[in-house]
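Comments concern the structure below.
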Amino acid sequence: MSTVVSGASLPEMPTVASGLESARSRFALYLLLGFSAGLPYYMFSTILSARLAKHGVDLVLIGFFGWVQLLPTLKFLWAPLLDRFSVPGFARFFGQRLGWIMLSQLGIFAAMVAMAFTSSDASLPLTALFALLLAFWTTTLEVSADAWRIELAPTPETQGPLTAANLWGYRSAMVAAGSGALIVADHANWTWAYLVIAAGAFAPLPILAMMRPQVGTGRAAPPARSVALTTGLGASAVILGLSLFLAAGVGALVLRAAAAIGISAKTDATTAVLVLCLLPFVIMAALLPRIVRLPAGAWARRSTMAGPYVDIFWRFGYPVLPLLAFVSFYRMGDVLTLALSKPLEIAAHYDLTTMGIADGFVALPSSMAGVAVGALLAVRLRLTRALALGAIGSALGNWIFVWLWFQPPSPHVIYIATALDQFAHGMEGAVFVVFLSMLVNPRYPGAQYAFLSGFAFLLPRLLAGAGGNIARHIGFDGFFWLSGGLSLAAVLFLPLIARVRAREEGA
C-alpha cells in the first residue's frame with residue numbers, strides 16, 4: 001500500500017499483515033473491529049431519535065435527523081483518500097488501514113463526548129453537528145476495516161467467517177449500545193448514557209495499539225511504538241480539529257440554504273426525496289454508454305478519485321443498472337426499521353427500561369444467530385438463493401412491528417418483535433456483505449466497497465429522512481407495511497442479477 005504523504009505514488013498490491021496470517025487471528029480482529037464500528041452507530045440513529053422524541057421534538061424533525069445517516073452513503077467521496085494516503089505516525093508502525101481505524105476511534109470518542117454534553121438538545125443545530133461528526137468517523141472506520149477485510153479474504157469461503165465475525169461484533173455492539181444507553185438514560189440522564197457508550201467506544205483502542213507492527217514485505221523497520229503513538233496522537237488532534245471547523249462551516253451553509261428555500265418542520269419533503277432518489281439512476285444511465293467504450297489508458301479509468309468508480313460501470317456494463325437498483329432495495333427494511341422503531345415503541349407506551357432490555361438480552365442473541373445463519377447460507381447456497389431468503393426475512397422483520405402496534409403494551413410482545421426483527425436483519429446483512437464483497441475489484445477494495453455499500457443505503461436513508469412525514473400521513477402501521485414491502489421487492493431483480501458477469505480487463 002502507498003505510504004504517507006504523496007498522492008503521486010501508485011498504490012502497491014496488498015500484502016499480508018504481520019501477525020494476521022492465521023484464520024483465528026483475523027477472526028478475532030474482525031470481532032473487535034465490528035464492535036468498534038457498531039457501538040457508535042445507534043448513538044446517531046436509533047438512540048438519537050429516542051432522545052429527540054423524549055424531548056418533545058416534532059416527528060417530522062426527528063425524520064430529518066434520519067438524514068444524518070445519509071453521510072455513510074456518501075463515503076465514496078473520501079474513500080479513495082483512505083486508499084491513497086496514510087495517517088502520520090500511526091501508519092509507519094500499525095499500517096495504513098489500522099492507522100485510519102485508530103484515528104477514527106479517536107474521532108468517535110470525541111464526537112460522542114460532545115453529544116453527551118449537549119444532550120439537552122437545546123440547540124438542534126449543535127446536536128446535528130456532533131451527530132454528523134460521529135457518523136463521519138464511524139463511517140471512516142468502516143471504510144478502512146472493509147478494505148482490509150477484502151484484502152485479507154478475497155474469496156466467498158474466506159469472506160464468510162470474517163463477515164460473520166465482523167457482523168457479530170457490529171450487531172452485538174449496536175445492541176449493547178442501544179440497550180445500555182436506554183437503561184442508563186432512564187435511570188440517570190442522556191449525558192451519562194452517551195458518556196458510558198463513549199467509554200466503551202474508546203476501550204478497543206488500547207487493544208489495537210498493542211498489536212504487532214503491520215509491515216509488508218520489503219519495508220523499512222518501523223519506528224518505536226511510543227514514537228508512533230505520540231506522533232499519531234498529535235496528527236490526530238490536528239485532523240479532528242480541522243474536521244470540526246469544516247463540518248461547522250458546511251452545516252451553517254446548509255442551514256442557511258434550507259431556511260432560504262423555506263424548509264421547516266411543516267415541509268412535506270416526500271416528493272423532493274423521491275425525485276432525489278431517481279437522480280443517481282438518471283445520471284448513471286446517461287454516462288454509461290461512454291464509460292463502457294473507454295480504453296484502458298483513459299484518464300477516467302486511471303484517476304485516483306474517479307477511476308475506482310468508473311471501473312465498476314466499465315466491468316459490469318449495462319447490467320450495472322439493475323444491479324444497483326437491486327442493491328438499493330435490498331436493505332430497505334433494515335434502515336427504515338432503525339429510523340422509526342423507537343418512536344413507534346415510545347408512542348405505544350413502552351418505557352425506556354423495557355425497550356433497553358429488549359435491545360440487550362433479546363436482540364443480541366437473536367442478531368448473532370441471524371448473522372451465523374446468513375453467513376452459512378452465503379457459503380452453502382448460490383448467492384441469489386441466499387439473497388432471496390434474506391429479503392423475505394427482512395420483510396417479516398418489518399411487518400412484525402405492525403403486530404406490535406396493535407397489541408397492548410407487554411414485555412412479551414416487544415421481546416417477540418425484537419427477536420424476529422434482529423434475527424431477520426442479521427441474516428439479511430450477512431448475506432449482503434458477502435455479495436457486495438464479491439462485486440469488488442481487488443485493485444480498489446476500499447473505494448469500491450465504499451461506493452457499493454454507500455449506494456445500497458442511499459435510497460433507504462433518503463426515505464428514512466422523510467419517514468416521520470410518511471408515518472404522519474399513513475400511520476406507524478402503514479409505514480411498516482410499506483417498508484417491508486419495499487424490502488421484499490428486491491426479489492424481483494434476482495433473475496437479472498443471477499446473469500450478471502463482470503468482464504475482464506482485456507475484453
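Brief remarks on what is shown
- Rough spin-label spacing in nm, given labels placed 7 Å along Cα→Cβ, for Ala248 and Ile283: 3.0 nm
- Shown in residue order for the stretch 495-500 are the 3J(HN,Hα) couplings computed by the Karplus curve 6.51 cos²θ - 1.76 cosθ + 1.60 at θ = phi - 60°: x, 6, 4, 4, 9, 6 Hz (x for Gly and Pro).
- For the stretch 127-155 and the stretch 390-436, distance of Cα centres in Å: 25 Å
- The equivalent ellipsoid that matches the C-alpha gyration tensor of the stretch 432-507 spans semi-axes of 33, 16, 8 angstrom, in descending order.
- C-alpha center-to-center spacing [the stretch 63-94, the stretch 160-202] in angstrom: 21 Å
- Under a model in which nothing but the beta-carbon of Lys, Arg (+1) and Asp, Glu (-1) is charged, the chain shows a dipole of about 1220 debye around its Cα centre.
- Solvent-accessible area, 1.4 Å probe, carbon plus sulfur percent, for the chain: 72 percent
- Tail fraction, Cα-Cα pairs, the chain, threshold 35 Å, whole percent: 30 percent
- Cβ-based net charge around Phe316, under 13 Å, with every Lys or Arg adding one and every Asp or Glu removing one: +2
- For the chain, the mean residue ellipticity at 222 nm estimated from helices alone is -24000 deg cm²/dmol, where every DSSP H run of n ≥ 4 contributes -39500 (n - 2.57) and the total is divided by all residues, rounded to the nearest 500.
- For the stretch 132-232, the fraction of alpha-carbon pairs in successive 5 Å shells from zero, as %: 2, 9, 13, 18, 18, 15, 12, 7, 3, 1, 0, 0
- Residue range of the chain that is longest and free of GluC sites (Glu not before Pro) which are both DSSP loop and sparsely packed (at most 14 other C-beta within 10 Å): 22-503
- Summed over the residues of the stretch 98-211 and divided among them, the accessible surface reaches 30 Å² per residue at a probe radius of 1.4 Å.
- In order along the stretch 421-431, the phi-based Karplus estimate (6.51 cos²θ - 1.76 cosθ + 1.60, θ = phi - 60°) of 3J(HN,Hα) comes to 4, 6, 5, 5, 6, x, 4, 4, x, 5, 4 Hz; Gly and Pro are listed as x.
The values are calculated or read from the model by the stated rules, or taken from the named source; none is laboratory data. Since this is a predicted model, take the numbers as computed values, not measurements. FYI the Cβ positions are ideal-geometry reconstructions off the backbone, even for glycines, and counts take in every protein chain you see. When the accessible area is computed, the model is the full protein with side chains, heavy atoms only, and any ligands, DNA or RNA have been set aside. Shrake-Rupley method; radii C 1.70, N 1.55, O 1.52, S 1.80 Å.
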